[in-house]
Structure formats: C-alpha cells, structure tokens
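**Student:** Below you will find the structure I want to go over with you.
The values are calculated or read from the model by the stated rules, or taken from the named source; none is laboratory data. Here the structure is a predicted model, which is why all the values come from computation and not from measurement. With ideal geometry, Cβ positions are generated from the backbone for all residues, glycine too; neighbour counts draw on all protein chains shown. Side chains are part of the model used for accessible areas, which takes the heavy atoms of the whole protein and leaves out ligands, DNA and RNA. Shrake-Rupley method; radii C 1.70, N 1.55, O 1.52, S 1.80 Å.
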Amino acid sequence: MGFRVAIVGATGLVGSEFLRVLEQRAFPIDSLKLLASDRSAGKRLCFMGEEHEVEETTEDCFDGIDIALFSAGGDISRRFSPAAARAGAVVIDNSSAFRMDPQVPLVVPEVNPDDIRDHRGIIANPNCSTIQMVVALNPIHQVNPIQRIVVSTYQAVSGTGSAAVDELREQIDHAVKGGNGEVTPQAYPHPIAFNALPFVESFLDNDYTTEEWKMVQETRKIMHEQDMPVCATCVRVPVYVGHGESVNVELSRPMSAREAREILADAPGVAVQDDPGSQRYPLPLYAEGTDDVFVGRIREDLSHPSGLAMWVVADNLRKGAALNAVQIAEVVVKEEVLSPIARR
C-alpha cells in the first residue's frame, strides 16, 4: 500500500533532504506533490528517477494527501498546516510553530513514539539540537534518571539555510584569496568564517536565546519531565553540516563511563565512537549524510559524584530534521494512525 505525500518547502535544504531520505528508506509512496513559494513554482526536482514540477503552496492543494511534510518556516506552517490537516493529511511540521502546543505531539521516535497516537492532524518535529541530545540521553535516563542537563552546542550554518551556507563559503573564499577587508555579513550580524557566534536565532528578555529556550522546553516535553533542569548555550560555528554538543548530566546515582558506553551501544539510533587513544570520537565532517547520533568522549565528571560528560554529533539536516520527520511518518503508517478524515 502506498501513500500520497506532499512536501512543503521542497526546494530548501531540508526539502531536498526529505526527497533523499524518502527514496533511501523506500517509503511507500503512490504519489508525490512538491510545494514551495510562488517564486519556486515551476522548478523541477527529481525523485526516484522521475522529474516532478514544484507547485505553489495554497490552502486547497492538500486534497487527497495522506502525509504532508512541512519545512518552510513557522509562518508558512501556521498558515497552511491547519488547512492540510482539515483536508485529511497528517502534517509533520519541522518548524517551531506547534512544538509547544499541548495538543500537538512533539516526537523523536527513539524516545516517545507512543505520543504519535494522540495526534489531531499535526505532529511537531523538534529542534535539530534537541533531537540529537535526547536520542543520546534518553537511554541513560531510563536506567539512571537525569537530575540536570547542561549543554553547549556547536551548530553548523546549514541550520540557518542555504543563504548562510553560501555566506560561509564566500567569506572563506574571500579570506583565502587575500581579499582586503571583510565581506559584509548578511545571514548573521558578524562574520561566521573563522569565528564562533555565541547565539543562535534571537535573544529573549532573560538573555537566553530562542534556540536555547527551545532546548529547555522541548527536552522537557519529549522526555515527559516537565521540571527537568536544563541549561543550554547555543553557538554557531563555521561548519557546513553537522551539529556538535558538549553535554553534561547529573544523574540520580553514580554511573561509570563504561556502563554508559554499554547502554548507548545498544540504544536505537546511537553509534558510539569513543576511543581517545586512537583519536576516535565523533566529528561533524564525517557525520554528514549519515543517520545515527554519534556519541563519544564519554567520561565521568570529576567535579560531581553523579556526573557524566559526553560529546554528541549528528547531521542536522537528516536526523535533526528530514530523517526524524520521515521516521515519524513511518510510525504513522505502521501504527495506522492516519487522519480519521483520510481513512473515511
């Protein structure tokens, strides 16, 4: 049995990754509709060896669609997701528009797949940084409950979009060729090449950024721990693809690094790369194009009797976005929790 799938934001970085992931995982598709802005309408994209023309997104273009994958920003999601759900599609939205809505499941399939059953037409895909962290931490939390999380991220520019990728490339090229002065930054308020920007998105009144606050709130919702203390510092670094995270947790009881490695070695979606003597640890450069969340530098926190520290890396466009959304769609199909409208 195949399904009728729509991709909103098909021409963006995550939209392109949607197409790759759907093809690589042989998701059962009867028909595919590619949607984007009016500026992108008419472009042609290839899927399974066949070209598909991109259409403009409108409220009436979701008739007959079973699953709609959205990655076109919060404004587009808020405008069109309810229309898609009313038409009978299960919306899996990659923006922040519905993540903290109490009636919308926020899902990482390795952590809380059962929440998918409670959807009312829209399922939210978490923030990329949150996804890779909870995939790495939840297996430990199930054995030894986490009391506090402190995380610092090192986030690739592709999380901002293709314009930021182009900007980094241009700034590096300018510097390598000995250009005078700086290229005027557009995607960020400061140059990103050979730099690290200690903020992601925008600042809030409490001096945290929106990205940091997402990690706090989303982690609590996904892990069903509403009072979990989480402190996040999010940093943008000159890497094209692949987010890194330095994660420190305080546990309910002491746990050795060896036990943590054994737990994570058997955890779904996790690949342990942890042999410092052989210079083996996760690197964003080698995570690109892969599906796993890579964990290494696992060690006991010598400053706290029940602390653990680790380094977590994943491809932010795949597990951090497109892959997680497709995995949600796979659960929707497997558990037969399509929209009641679609099933009529």
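**Student:** Does the stretch 40-60 contain any residue that is under 23 Å from the mean Cα position of the chain (by Cα) and under 15 Å from Ile328 (Cβ atoms)?
**Tutor:** no
**Student:** Would you be able to say whether some residue in the stretch 141-158 is part of a helix (DSSP H, G or I), closer than 23 Å to Arg318 by Cα and touching a residue at least 60 places away in the same chain (Cβ under 8 Å)? Steps first, answer last, please.
**Tutor:** To start, the set of residues in the stretch 141-158 that are part of a helix (DSSP H, G or I) comprises 141-143, 157-158.
Within this subset, residues satisfying the condition of being closer than 23 Å to Arg318 by Cα are 157-158.
Okay, now just the ones that are also touching a residue at least 60 places away in the same chain (Cβ under 8 Å), so 157-158.
Looking for residues that are part of a helix (DSSP H, G or I), closer than 23 Å to Arg318 by Cα and touching a residue at least 60 places away in the same chain (Cβ under 8 Å), one finds at least one in the stretch 141-158, hence yes.
**Student:** Here's a follow-up. Among the residues of the stretch 1-31, which ones are more than 15 Å from Ala325 (Cβ to Cβ) and either at pLDDT 95 or above or of a type in the set (Val, Ile, Thr) (or both)?
**Tutor:** Arg4, Thr11, Ala26, Pro28, Asp30, Ser31
**Student:** Follow-up question, since we're still on this one. Can you go through Leu308, Leu251, Leu317 and tell me which one is modelled with pLDDT of 95 or more and touching a Lys or Arg at 6+ places or on another chain (Cβ under 8 Å)?
**Tutor:** Going through Leu308, Leu251, Leu317 in turn, just one is modelled with pLDDT of 95 or more and touching a Lys or Arg at 6+ places or on another chain (Cβ under 8 Å): Leu308.
**Student:** Val134 fails exactly one of the following numbered conditions: (1) free of Cβ contacts under 8 Å to residues at least 40 places away in the same chain; (2) touching a helix residue (DSSP H, G or I) at 6+ places or on another chain (Cβ under 9 Å); (3) not in a loop (DSSP other than H, G, I, E, B); (4) not basic (Lys, Arg). What is the number of that condition?
**Tutor:** Against the list (1) free of Cβ contacts under 8 Å to residues at least 40 places away in the same chain; (2) touching a helix residue (DSSP H, G or I) at 6+ places or on another chain (Cβ under 9 Å); (3) not in a loop (DSSP other than H, G, I, E, B); (4) not basic (Lys, Arg), Val134 comes up short only on (1).
**Student:** If you don't mind, another one. Could you check the stretch 1-115 for strands (runs of 3 or more DSSP E) lying wholly inside it with 2 or more residues that are open to solvent by less than 50 Å² (accessible area, probe 1.4 Å) and within 20 Å of Gly161 (Cα to Cα)?
**Tutor:** Result: 3-8, 29-36, 67-70, 90-93.
Residues checked against (1) more than 23 Å from the chain's Cα centre (by Cα); (2) more than 16 Å from Ser129 (Cβ to Cβ):
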{"position": "Glu167", "(1), (2)": "no, yes"}
{"position": "Ile172", "(1), (2)": "yes, yes"}
{"position": "Gly178", "(1), (2)": "yes, yes"}
{"position": "Glu182", "(1), (2)": "yes, yes"}
{"position": "Tyr188", "(1), (2)": "no, yes"}
{"position": "Ile192", "(1), (2)": "no, yes"}
{"position": "Asp205", "(1), (2)": "yes, yes"}
{"position": "Thr209", "(1), (2)": "no, no"}
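**Student:** Is there any pair linking a residue in the stretch 239-251 that is without any contact (Cβ under 8 Å) to a residue 24 or more places away in the chain and farther than 21 Å from Ala321 by Cβ to one that is open to solvent by less than 10 Å² (accessible area, probe 1.4 Å) and outside any strand (DSSP E or B), with Cβ under 8 Å and at least six apart or on different chains, and which?
**Tutor:** none
**Student:** Where in the stretch 226-321 are there strands (runs of 3 or more DSSP E), lying wholly inside it, with at least 3 residues that are open to solvent by 50 Å² or more (accessible area, probe 1.4 Å)? Show your work before the answer.
**Tutor:** Details: elements: 230-236, 243-251, 270-272, 293-300, 307-314.
Answer list for the stretch 226-321: 293-300.
**Student:** Could I ask something else about it? State all residues of the stretch 166-187 that are over 23 Å from Gly12 (Cα atoms) and out of contact with any Pro (no Cβ under 8 Å at 6 or more places or on another chain); if no residue qualifies, say none.
**Tutor:** Answer for the stretch 166-187, where residues must be over 23 Å from Gly12 (Cα atoms) and out of contact with any Pro (no Cβ under 8 Å at 6 or more places or on another chain): Asp173, His174, Ala175, Val176, Lys177, Gly178, Gly179, Asn180, Gly181, Thr184.
**Student:** When the residues of the stretch 161-185 are filtered to those that are exposed (fewer than 15 other Cβ atoms within 10 Å of the Cβ) and among the aliphatic types (A, V, I, L, M), which remaining residue is modelled with the highest pLDDT?
**Tutor:** Ala163
**Student:** With respect to Val200, is the statement that it is assigned to a loop (DSSP other than H, G, I, E, B), within 19 Å of Ser129 (Cα to Cα), touching a strand residue (DSSP E or B) at 6+ places or on another chain (Cβ under 9 Å) and open to solvent by less than 20 Å² (accessible area, probe 1.4 Å) true?
**Tutor:** Spelling it out, Val200 is indeed assigned to a loop (DSSP other than H, G, I, E, B), within 19 Å of Ser129 (Cα to Cα), touching a strand residue (DSSP E or B) at 6+ places or on another chain (Cβ under 9 Å) and open to solvent by less than 20 Å² (accessible area, probe 1.4 Å).
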